[in-house]
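Colleague: Here it is, the structure in full.
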């Protein structure tokens, strides 16, 4: 069975990862409309990824290791990142929250940049992610790569 999951399915699973929830709690936590959430929950139950007991939804803790691995495999992560970046780019036309720059850096500037990335990652890792409202988490992406490597990777994809 193929367990590729959408961003909508992922936010429900991430919300349930924190703790089990009733439908109204999931609605608040995910920020999804009730109809969308109900359809998503039904799909996840059908796929045996979540279960329901006493009106509470739970992650299925009995998923075997191969299914858990498939949910976290490179292809699924790549699909998720693509969906996130596409959505962020659509939003950036409205909100200007994301930007992209092509710059040349000498070795010294590249070392300074790498130091900033290390500091940023350290800061992000120090943040408390226990907020129960999954939909309010910030998605942050950063990094850099040689333009030529990106082009060659695209050609070899």
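Colleague: What is the helix-to-structure angle for 147-156, meaning the angle in degrees between its Cα long axis and the longest Cα principal axis of the chain, kept from 0 to 90 and rounded to the nearest 10?
Modeller: 50
Colleague: Would you indicate which of (1) -0.70; (2) -0.55; (3) -0.60 is the value of log10 I(q)/I(0) by the Debye sum over Cα atoms at q = 0.12 Å⁻¹ derived from the coordinates of this structure?
Modeller: (1)
Colleague: Among rounded, prolate and oblate, which fits region 7-68 when a ≥ b ≥ c are the square roots of the eigenvalues of its C-alpha gyration tensor, a/c under 1.5 means rounded, and a/b larger than b/c means prolate?
Modeller: On the way: a/c = 1.68, a/b = 1.49, b/c = 1.13.
It is prolate, given that a/c is not under 1.5 and a/b is the larger ratio.
Colleague: Could I ask something else about it? Can you sort 73, 128 from fewest to most other Cβ atoms within 10 Å of each residue's own Cβ? Display every interim value, and only then the final one.
Modeller: Working: 73 13, 128 5.
Placing the least packed residue first, the sequence is 128, 73.
Colleague: Just how far, in whole angstrom, is region 94-157 from region 1-61 if you go by their alpha carbon centroids?
Modeller: 29
Colleague: Working from Cα positions, state the angle (0 to 90°, nearest 10) between the long axis of helix 34-46 and the longest principal axis of the chain.
Modeller: The angle comes out at about 80 degrees.
Colleague: Could you work out the helix-only [θ] at 222 nm for the chain, with each DSSP H run of four or more residues adding -39,500 (n - 2.57) and the total divided by the number of residues, to the nearest 500 deg cm²/dmol?
Modeller: On the way: 7 runs with 92 residues, N = 157.
It comes out at -18500 deg cm²/dmol, rounded to the nearest 500.
Colleague: Further question: Rank by packing, highest mean first: peptides 56-63, 19-26, with packing defined as the count of other Cβ atoms within 10 Å averaged across residues. Kindly include the intermediate steps, with their values, before the conclusion.
Modeller: Values: 56-63: 14.2, 19-26: 15.9.
Going by the mean number of other Cβ atoms within 10 Å, highest first, we get 19-26, 56-63.
Colleague: Which of these, 108, 138, 72, has the largest mean-square fluctuation under a Gaussian network model of the chain (Cα springs below 10 Å)?
Modeller: 108
Colleague: Packing-wise, with mean Cβ within 10 Å as the measure, how do 8-16, 146-154 rank, highest first?
Modeller: Values: 8-16: 20.8, 146-154: 9.6.
The peptides rank, most packed first, as 8-16, 146-154.
Values in this text are rule-based calculations from the coordinates and carry no lab data. For clarity, every value in this text was computed on a predicted model and none was experimentally measured. Positions of Cβ are generated from backbone atoms using ideal geometry, with glycine treated the same way; all protein chains shown enter the neighbour counts.
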